1. Could you grab me the full set of residues in region 237-267 that are assigned to a loop (DSSP other than H, G, I, E, B), over 11 Å from residue 213 (Cα atoms) and open to solvent by less than 70 Å² (accessible area, probe 1.4 Å)?
2. Please state which of the following conditions residue 178 fails to meet, knowing it meets all the rest: (1) in contact with a helix residue (DSSP H, G or I) (Cβ under 6 Å, 6 or more places away or on another chain); (2) part of a strand (DSSP E or B); (3) closer than 29 Å to residue 30 by Cα; (4) hydrophobic (A, V, I, L, M, F, W, C).
3. Would you point out the residue of region 106-161, among those that are part of a helix (DSSP H, G or I) and in contact with a strand residue (DSSP E or B) (Cβ under 6 Å, 6 or more places away or on another chain), that is surrounded by the fewest Cβ atoms within 10 Å (Cβ to Cβ)?
4. Taking the stated definitions as given, is residue 205 open to solvent by 10 Å² or more (accessible area, probe 1.4 Å), assigned to a helix (DSSP H, G or I) and touching a residue at least 40 places away in the same chain (Cβ under 8 Å)?
Amino acid sequence: MKKILVIGSNGQLGNCIRKIAPDFELDYEFIFTDSQTLDITNEDQINSFFYDNKPEFCINASAYTAVDLAETEKEKAFAVNADGVANLATACAEYKTTLIHVSTDYVFDGETNLDYSEDDFTSPIGVYGESKLKGEELALEINPKTIILRTSWLYSEFNKNFVKTMLNLFSQKDQLGIVADQFGQPTNANDLAEAIMDIIVASTKTFGVFHFSNYPETTWFDFAKKIAEFSKSSVKLNALTTEQYPTPAKRPKRSTMSLDKIEEIYKIEPKHWENSLEECVEILSKQ
């Protein structure tokens, strides 16, 4: 039975993979770890774990994701998002393990009106994006059997995310201001988990960089409006500019990614973001 190591199993994506794991347990043994049981910044611990378990696949769903805090915690961000990824890639290379590493649309600067392809020039505008890009580069350089999955605006019924934050605020506020001039693709982490398993079960593997998200693009403001609609909230939403809502880290203005490559090579068809959002809000309404 092939082993799948899931790093960061207590995060959004890790929890979503855990949720669907029983569907694959006839063919795969899942090993779920978190930072307490496996610290990817500890090279010796990684080497020992791979020696003991020898996984066929390693899904790295862990990351330092505090985008604003990263501006003052650069060493921490790079320790997890770059050095930790290098440790994983080194172990994967030694044990011929396929590494599936999750990255971000923040590797782009957002200064374009075209959808970003996997081959487009990367130019992150913040420490978080810089650290994630460095992780991508190290993984691809160290382990030839690496698949990078860039995703964006991740949410789910698990952990902290924009959807859960909005639902919480809707219950407390009469009105909210939401940024309306930043464009991207909201992505349900459950859909990303399914895409990862589609790649794992595929009979042939193509390595390299891929984009996966829901589609089409939208703004944070329109995203919030749909959350309000699906949750039947009467909150009043006001459109803000980026200048009216300053943050320590700059965000890309438009980081919309092309999904053509993953559709063509792995035959994965991303869902419309509104459909996936409605499913998530429905799940959260029952909790």
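1. 241, 247, 249, 251, 252, 255
2. Among (1) in contact with a helix residue (DSSP H, G or I) (Cβ under 6 Å, 6 or more places away or on another chain); (2) part of a strand (DSSP E or B); (3) closer than 29 Å to residue 30 by Cα; (4) hydrophobic (A, V, I, L, M, F, W, C), the lone unmet condition for residue 178 is (3).
3. Applying the filter and picking the extreme gives 140.
4. no
The values are calculated or read from the model by the stated rules, or taken from the named source; none is laboratory data. The structure presented is a predicted model; accordingly, all values stated were derived computationally and were not measured. Positions of Cβ are generated from backbone atoms using ideal geometry, with glycine treated the same way; all protein chains shown enter the neighbour counts. Heads up: the accessible areas ignore ligands, DNA and RNA and are worked out on the full protein's heavy atoms, side chains in. Shrake-Rupley method; radii C 1.70, N 1.55, O 1.52, S 1.80 Å.
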